[in-house]
Every structure is written in structure tokens, then in C-alpha cells.
Amino acid sequence: MKVLVAVKRVVDYNVKVRVKADNSGVDLANVKMSMNPFCEIAVEEAVRLKEKGVATEIVVVTIGPATAQEQLRTALALGADRAVLVECADELNSLAVAKLLKAVVDKEQPQLVILGKQAIDSDNNQTGQMLAALTGFGQGTFASKVEVAGDKVNVTREIDGGLQTVALNLPAIVTTDLRLNEPRYASLPNIMKAKKKPLETVTPDALGVSTASTNKTLKVEAPAARSAGIKVKSVAELVEKLKNEAKVI
Ligand code: AMP
């Protein structure tokens, strides 16, 4: 079974992001970039499926600038077999990303596509769902357990009321939640080996996809700074403040 994993290059989760002076976006100059944490979980799940003998090949794909090759190499070091970079300098909206991923799905014909539930830069949480709509595949979003059984995959989903398990016919789309697994670190020998694994670069044009956006970012602003907290002397004072100042009880 071939597994396709979509990974996104994002600002590292430890970085305190700064907004550009002209409010046009987030300042990415000299900022550490990493693989989106939910995408690391997606790669780990694919590698575990391969270790179990369920997956035979893992292809990782990213849509981004040439520098996104770094994240593809990381995925290769973690156990993916091959990588595809859809090179695109512009920041794309989710629909354009989903259309490009659909073109890669058409070409690669994977049985399972694993994405993160959310990219921590845009917090969109929609690419997997859009890809499911475009491909017509079943979707198991917010997965905390993935079990492939024959031509089906059972996905346990984290939902508000608890856990829900859905059975999907393959090919299917899965998006990963935090508790699905704990990603491994790449070992030095595997980082070296990853340098020799195949990495193909394609363009949106070659995939026949228009990435023209219908959205325009008007303004990006930092959240308002929080005012300092205070210490209360007693529970009675806390209750009084919650009631009369914060007005939350
Ligand atoms: P989002 O819908 O933007 O929150 O992203 C959800 C997931 O879609 C990510 O965790 C990735 O698996 C995938 N994804 C989003 N953007 C990209 C991209 N540019 N390249 C590859 N995968 C992406």
C-alpha cells in the first residue's frame, strides 16, 4: 500500500512570531522554520504502518519554496522513501494547496493520504477536508488511532464528546491529532542516508493547477498585549472580583 503524506514548512513552534512593520504578514527573515508538528505525527504514522508491513512505500509531498526541501529531507530521514516538492514561492490558500495535492494524488495513486489536522502558522484546519471533497475519498479527521484492515481503514477520531470510530473504504484521507503517536527523532545515519533518497521537484503549471487566489490578506496584527495579573488574598476576594470585575460568574 502506498501512503502519501503532506508536510508543511512553518515557523518553528518555539519562535515568538513578529508581525512586519507594514502589517502585511509575519516577518520570516532569519526565523527558524520546521516541519509543522501535526505533519511530523503524520510522517510517524506512515513510518509505523511501513514497519508493521502495511505500507510498502511512503511518499512525502510539500508545496512551498525551494527551502522546503529541508522539511522533505527531514521526512526522508524519519523513514519516507521518496519526496515531491511542488515549488511555489507564494503563500497559497488552502484550496490551492488542496488542488495541488489532488493533482499529486492523481499522479501517485496512494491508498492512504495522511495530513496534519492543522498547520500551526495559518491554523486553517481545512486542507485535508478540502482534499477529501476534491478526490471524493472518505475522510477520518482528528485521528487518534489508525488501523488498516484489508481494503478499509478504521480511524478513531477525537471529537467533543469523546471518541468516534469511523470505517473508511480505501483510498482514504486521514488527518492527525496530537495523541495519535509520539514522533521519533531522526538518527544521524538516517539523516545522511536521506540525502541520497529521491526528491522530485514539480511546478503547479506542470500539474495543470492554477494557484490564483480569491482571497486577499488585508492586514496582519499582533494580538493585544495582556495586562499584568494580580494576586488575591482570599477566596472571597477572588469570587468578588470574578463576579463584579470580570463578570464571569
Ligand atoms: P491547514 O488546513 O492549513 O491547517 O493544514 C492542514 C494540513 O494540510 C497540514 O498539516 C499539512 O499536512 C497539509 N498542508 C497544508 N499546507 C500545506 C503545504 N503548503 N504543503 C503540504 N501540505 C500542506
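Values quoted throughout were computed directly from the atomic coordinates according to the rules given, and no laboratory measurement underlies them. Remember, predicted model here, so these are calculated numbers, not experimental data. Cβ: placed from backbone, ideal geometry, glycine included. Neighbour counts: every protein chain shown.
Quickly rank 19-32, 145-158, 64-77 as a protection proxy: mean count of other C-beta atoms within 10 Å, highest first.
Highest to lowest by the protection proxy: 64-77, 145-158, 19-32.
Through the Karplus equation 6.51 cos²θ - 1.76 cosθ + 1.60, θ set to phi - 60°, convert the phi angles of the stretch 181-189 into ³J(HN,Hα) values in whole Hz; use x for Gly and Pro.
6, 10, x, 7, 9, 7, 7, 4, x
Give the range of the longest stretch in the chain that excludes all chymotrypsin sites (Phe, Trp or Tyr not before Pro) found in loop regions by DSSP and having at most 13 other beta-carbon atoms within 10 Å.
The longest such stretch corresponds to 14-184.
Considering only Cα-Cα distances, which of the following residue pairs are longer than 23 Å: K50/K197; K2/K197; K2/K145; K32/K99?
Beyond 23 Å between Cα atoms: K32/K99.
In the stretch 217-247, which GluC sites (Glu not before Pro) are in a loop and have at most 10 other Cβ atoms within 10 Å, using DSSP for the loop call?
E221, E245
Using the per-residue mean of other Cβ atoms lying within 10 Å as a proxy for protection, in what order, highest first, do the peptides 53-59, 128-134, 111-117 fall?
Most protected by this proxy first, the peptides run 111-117, 128-134, 53-59.
Can you list residues from other chains, or at least 5 along the same chain, whose modelled amide H is less than 5 Å from the amide H of D27?
Residues meeting the amide H criterion: R18, V19, K20.
Once the convex hull of the alpha carbons of the stretch 1-42 is built, what does its volume come to per residue, in cubic angstrom?
Expressed per residue, the convex hull around the Cα atoms of the stretch 1-42 is 79 Å³.
For N125, list long-range residues whose amide hydrogen, built 1.01 Å from N in the peptide plane, is under 5 Å from its own amide hydrogen.
Here the answer is A119, since their amide H atoms fall under 5 Å of that of N125.
Just to confirm my numbers, what's the Cα centroid distance between the stretch 22-87 and the stretch 176-249 in Å?
Computed from Cα coordinates, the inter-centre distance equals 16 Å.
How big is the antiparallel share of DSSP beta bridges in the stretch 2-244, given as a percent to the nearest 5?
Once the DSSP bridges in the stretch 2-244 are tallied, antiparallel ones form about 40 percent.
Distances longer than 27 Å among the Cα atoms of the stretch 1-159: what percent of all pairs is that?
The answer is 21 percent, as a whole percent.
So which DSSP H runs in the chain come out at 15 Å plus along the axis (Cα) with average Kyte-Doolittle of at least -0.5?
37-51, 94-108
Of A194, A172, T56, whose Cα points farthest to the positive end of the dipole of the chain (charges on the beta-carbon: +1 Lys, Arg; -1 Asp, Glu; origin at the Cα centre)?
Positive-end residue among those listed: A194.
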